[in-house]
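The values are calculated or read from the model by the stated rules, or taken from the named source; none is laboratory data. Everything numeric in this text was worked out from a predicted model, so none of it was measured. With ideal geometry, Cβ positions are generated from the backbone for all residues, glycine too; neighbour counts draw on all protein chains shown.
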Amino acid sequence: MDTRTLQRRRGNAAVLATAYIALVFLSTSCGGGGSTAAVPVSTAGFSVSSTSVTFGNQAVGTTSPAQSATLTNVGNATLTISSILVSGPNAGDFALTNTCGSSLAPSAQCTLSATFTRSAAGTRTASVVFTDNAAGSPQTVNLTGTGTAAEVGLSATTLAFGSQLLGASTPAQSVTLTNNGNLALSITSIAVTGTNPGDFPETTTCGSSVAAGANCTISVTFTPFASGSRTASVTITDNAIGSPQTVSLTGTGTSSATVISLSSTSLAFGNQPVDVDSAAQTITLTNAGNATLSITSLAFTGTNASDFAETDTCGGSISAGANCTIAVMFTPSAAGACTAALSISDNANGSPQTVSLSGTGSHDVIVSWTDSATPGVMGYNVYRGTTPGGESSTPLNSTPINGTAYTDENVTAGATYYYVLTAVASNGVTQSAASSEATATVP
């Protein structure tokens, strides 16, 4: 048997058909000569007008127009079709209809139509798979499409505000909304809905549109108008998948509560000479509730807690509406940045409350003196040297000092310095004789 493969082209479609030539040898009779005859073999042939279909960009949740392909039986026998199925990673995003039925006569044609309904952003792929009696079965037609969509990501889906005095507002809590999709997010509305929407005022920076990859903030406070559990939701209506998105809100209204208010939640002391006490910085603590505030402890925590100290007028309790003061001092034990926190433990909502503390230890020398009793003194000049009696003729200060202290910050650890002082007359030129010399060794 001799087998040859023939290739034909019909339109843009390649057609592969296998032709078979069978030679049949006929036996001869006793009295006559033998003869042979060629008998053609029938076979079905498969040809499709396109082996790939691309749908391009399609908004998520919408369906594309149909795209079609034509299947032709290019053989000389009936094409028997067992199945035409969509399979592959994203088969569910593609829908297929056809007019092919279960068989196709020689030279007959049928039509396949596919649509693309994007379920998520990004590239989606699948294949139409044909199972039949033609050579090369199963055959495939590739399907691709790209979904465009806005996709909302929320930094939190729940905000819990705890207990709050009736009519008083909590600090705001925020949720960051991020557009994780590849299409601009169009926001129809951001609204507080649910059982007690009036108890949860909301503000936002989102506007009506958020670009792909950008974000905005939704801030909510809790102001209960009745006692007991209060609930609501922030509802975001937009063009993103899964719209509307929601953030649940909870809080408890109470008619009797202790609520702490602090005049500051951070204190920065700046540069301070090592082993020298800073000036005190004061915080006012107010009981903004309607019940007595019980204070359990005031304590320093954190990396450099021992470098800070406090005195206070708070005692063990503060009556409703009253306040007390906490004075904090910084005494660095070493050069460099120092951090700590003042922790206030009590019976108020959100206990313990904290005040962040920061400062920098530096190798400074503070020169101080007694103010001159001589009339007409407008200020003072400070002179420094590194050997006894070797003070520079140029003062450390650029203008006369109107005070009784000067901080020399340009010093080196371990070095010894010598200082003298002169009083400057009201004409800004005449100076007194130098004071006695003072010595300072930097730790």
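Annotations for the structure displayed:
- Residues in the range 179-235 that are of a type in the set (S, T, N, Q), assigned to a loop (DSSP other than H, G, I, E, B) and farther than 15 Å from residue 166 by Cβ: 180, 182, 195, 205, 208.
- Tally of residues being crowded, with 16+ Cβ neighbours inside 10 Å and either under 23 Å from residue 272 (Cα atoms) or acidic (Asp, Glu) (or both) across the range 319-338: 8
- For the range 1-24, the count of residues that are at pLDDT 50 or above and of a type in the set (Phe, Trp, Tyr) is zero.
- Set 52, 47: member being out of contact with any Cys (no Cβ under 9 Å at 6 or more places or on another chain) and surrounded by 21 or more Cβ atoms within 10 Å (Cβ to Cβ): 47
- Selection count where residues are surrounded by fewer than 16 Cβ atoms within 10 Å (Cβ to Cβ) and at pLDDT 95 or above, scope the range 298-316: 7
- Among strands (runs of 3 or more DSSP E) entirely within the range 262-336, having at least 2 residues that are under 24 Å from residue 363 (Cα atoms) singles out 266-273, 308-312, 323-330.
- Scanning the range 362-376 for residues that are buried (at least 16 other Cβ atoms within 10 Å of the Cβ) and assigned to a strand (DSSP E or B) gives 362, 365, 367.
- Total residues in the range 88-125, condition within 44 Å of the chain's Cα centre (by Cα) and either surrounded by 14 or more Cβ atoms within 10 Å (Cβ to Cβ) or assigned to a strand (DSSP E or B) (or both): 20
- Flag: residue 95 does not match the condition of being of a type in the set (A, V, I, L, M, F, W, C) and more than 14 Å from residue 127 (Cα to Cα).
- Identity of the residue in the range 224-243, at pLDDT 95 or above and of a type outside the set (Gly, Ala, Ser), that ends up farthest from residue 58 (Cα to Cα): 230
- Scanning the range 263-281 for residues that are over 13 Å from residue 357 (Cβ atoms) and surrounded by fewer than 17 Cβ atoms within 10 Å (Cβ to Cβ) gives 263, 271, 275, 276, 277, 279.
- Test: residue in the range 161-175 that is under 23 Å from residue 212 (Cα atoms), out of contact with any helix residue (DSSP H, G or I) (no Cβ under 6 Å at 6 or more places or on another chain), touching a residue at least 40 places away in the same chain (Cβ under 8 Å) and surrounded by fewer than 14 Cβ atoms within 10 Å (Cβ to Cβ): no
- Filtering the range 41-55 to residues that are closer than 17 Å to residue 113 by Cβ and in contact (Cβ under 8 Å) with a residue 40 or more places away in the chain leaves 48, 50, 51, 52, 53, 54, 55.
- Residue 63 vs. criteria surrounded by 12 or more Cβ atoms within 10 Å (Cβ to Cβ), modelled with pLDDT of 85 or more and farther than 22 Å from residue 103 by Cβ: yes
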